[in-house]
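Student: Attaching a single structure in structure tokens format; questions to follow.
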Amino acid sequence: MDLLIRLNNQTVGRDKIIRLCQYGSRAGWYYTQNKLMAYRSNDILKSLEYTFSSFRKLLRLGRFLDSLYSALSSIKYPNIVIRITLTLSKISNALYLLADHIIWVGRAGLCKVNIEKWSTIANKYWLMTIIMNLTRDIYEILQIMEEYNLGRLSKVNLHSKNYRYDRYRALFYLTSHKDVVLDTIKNACDLFIPLTNLGYTKFSPGIVGILGFISSAVGIYCLIDPLAKLSPA
């Protein structure tokens, strides 16, 4: 309970919890829509999904400035690959959040907004953010495997029979870097959400809900366990 309260006190943590509920509601209404005696529950879950989505937009108000400002610090990172991917990720995320703010203004009725147009723009910037994050994840994995191969060549005799188990050892070595593994899982799940929203993939709302739920659960775990969070972020 203390952990949940501490997590809820963080703006990012609160957003992750609501996101988990949002995508859980989406998966719930989709997979119960054809069940007998579940029509009222289905409408409730759809309403909850919309409410959670709108609440998250409210929580994120102004955060595009934070994301844009954090891009300034990532420009100074010494590794050029991480510097480029991280900076572009933060800039595209800032633009995604700006579009998201405009959508919220339209939903709140404060101003007339073409929500469909801005939703498409937001999804494009979100997709760009995820692609940059995945590019960075792939680079991190390649660096880990290069480190593993260097260690293997320095310790293992080239004629050793242990080479038959080398793939398993390599996989175990990779999974020991849980920050990279979890970040890759999170981004891989997120990737198909904007792709589906933009019409590039045809996943059902149920599958999208499950992917979003998994991604949100991983994100919450990374907030709880600092060692599971990929750095720099």
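Student: Looking at residue 164 and the list (1) charged (D, E, K, R); (2) under 28 Å from residue 129 (Cα atoms); (3) at pLDDT below 95, which single condition is not satisfied?
Tutor: (2)
Student: Here is a check on your reading of the model: is residue 224 at pLDDT 95 or above and surrounded by fewer than 18 Cβ atoms within 10 Å (Cβ to Cβ)?
Tutor: The answer is no for residue 224.
Student: Pull out all pairs, ordered by first then second residue, where Cβ-Cβ is under 7 Å, the residues are six or more apart or on different chains, the first lies in segment 210-233 and is closer than 30 Å to residue 31 by Cα, and the second is small (Gly, Ala, Ser).
Tutor: 210/27; 213/24; 213/27; 221/228; 222/228; 223/13
Student: Sticking with this one: If you check residue 116 against the conditions, is it surrounded by fewer than 17 Cβ atoms within 10 Å (Cβ to Cβ), assigned to a helix (DSSP H, G or I), among the acidic types (Asp, Glu) and at pLDDT below 90?
Tutor: No.
Student: A further question follows. Between a first residue in segment 177-202 that is without any contact (Cβ under 8 Å) to a residue 40 or more places away in the chain and a second residue that is among the small types (Gly, Ala, Ser) and not in a helix (DSSP H, G or I), which pairs have beta carbons less than 9 Å apart while being 6 or more apart in sequence or on different chains?
Tutor: These pairs meet every condition: 196/204.
Student: Being crowded, with 16+ Cβ neighbours inside 10 Å, modelled with pLDDT of 95 or more, more than 15 Å from residue 233 (Cβ to Cβ) and aliphatic (A, V, I, L, M) narrows it down to one residue among 130, 84; which is it?
Tutor: The unique qualifying residue is 84.
Student: Something else: Can you tell me which residues in segment 88-107 are within 14 Å of residue 124 (Cβ to Cβ), surrounded by fewer than 20 Cβ atoms within 10 Å (Cβ to Cβ) and touching a residue at least 40 places away in the same chain (Cβ under 8 Å)?
Tutor: Correct list: 88 only.
Student: Which one of these is modelled with pLDDT under 90 and either assigned to a helix (DSSP H, G or I) or touching a helix residue (DSSP H, G or I) at 6+ places or on another chain (Cβ under 8 Å) (or both): 97, 61?
Tutor: 61
Student: Pick from 77, 50, 69, 23: which is within 30 Å of residue 230 (Cβ to Cβ), of a type in the set (Phe, Trp, Tyr) and free of Cβ contacts under 8 Å to residues at least 12 places away in the same chain?
Tutor: 69
Student: For segment 74-86, check the following and say yes or no: at least one residue is within 17 Å of the chain's Cα centre (by Cα) and either of a type in the set (Ser, Thr, Tyr) or in a helix (DSSP H, G or I) (or both).
Tutor: Yes, segment 74-86 contains at least one residue that is within 17 Å of the chain's Cα centre (by Cα) and either of a type in the set (Ser, Thr, Tyr) or in a helix (DSSP H, G or I) (or both).
Student: Could you please find all residues in segment 180-221 being of a type in the set (D, E, K, R) and modelled with pLDDT of 95 or more?
Tutor: Of everything in segment 180-221, those that are of a type in the set (D, E, K, R) and modelled with pLDDT of 95 or more turn out to be 183, 186, 190.
Student: Filter segment 194-212 down to the residues that are touching a Leu at 6+ places or on another chain (Cβ under 6 Å) and either at positive phi or part of a helix (DSSP H, G or I) (or both) and list them by number.
Tutor: 194 - this is the single residue of segment 194-212 that is touching a Leu at 6+ places or on another chain (Cβ under 6 Å) and either at positive phi or part of a helix (DSSP H, G or I) (or both).
Student: Would you point out the residue of segment 109-127, among those that are among the small types (Gly, Ala, Ser) and touching a residue at least 12 places away in the same chain (Cβ under 8 Å), that is farthest from residue 232 (Cα to Cα)?
Tutor: 119
Student: Which one is nearest to residue 27 (Cα to Cα) among residues in segment 60-77 that are surrounded by fewer than 14 Cβ atoms within 10 Å (Cβ to Cβ) and hydrophobic (A, V, I, L, M, F, W, C)? Steps first, answer last, please.
Tutor: Of segment 60-77, the ones surrounded by fewer than 14 Cβ atoms within 10 Å (Cβ to Cβ) are 61-62, 65, 69, 72-73, 75-76.
Narrowing further to those that are hydrophobic (A, V, I, L, M, F, W, C): 61, 65, 72, 75.
Working: 61: 26, 65: 32, 72: 38, 75: 39 Å.
The selected residue is 61.
The values are calculated or read from the model by the stated rules, or taken from the named source; none is laboratory data. None of the values given here were measured: they were computed from a predicted structure. Note: ideal-geometry Cβ built from the backbone for every residue, glycine included; neighbour counts use all protein chains shown.
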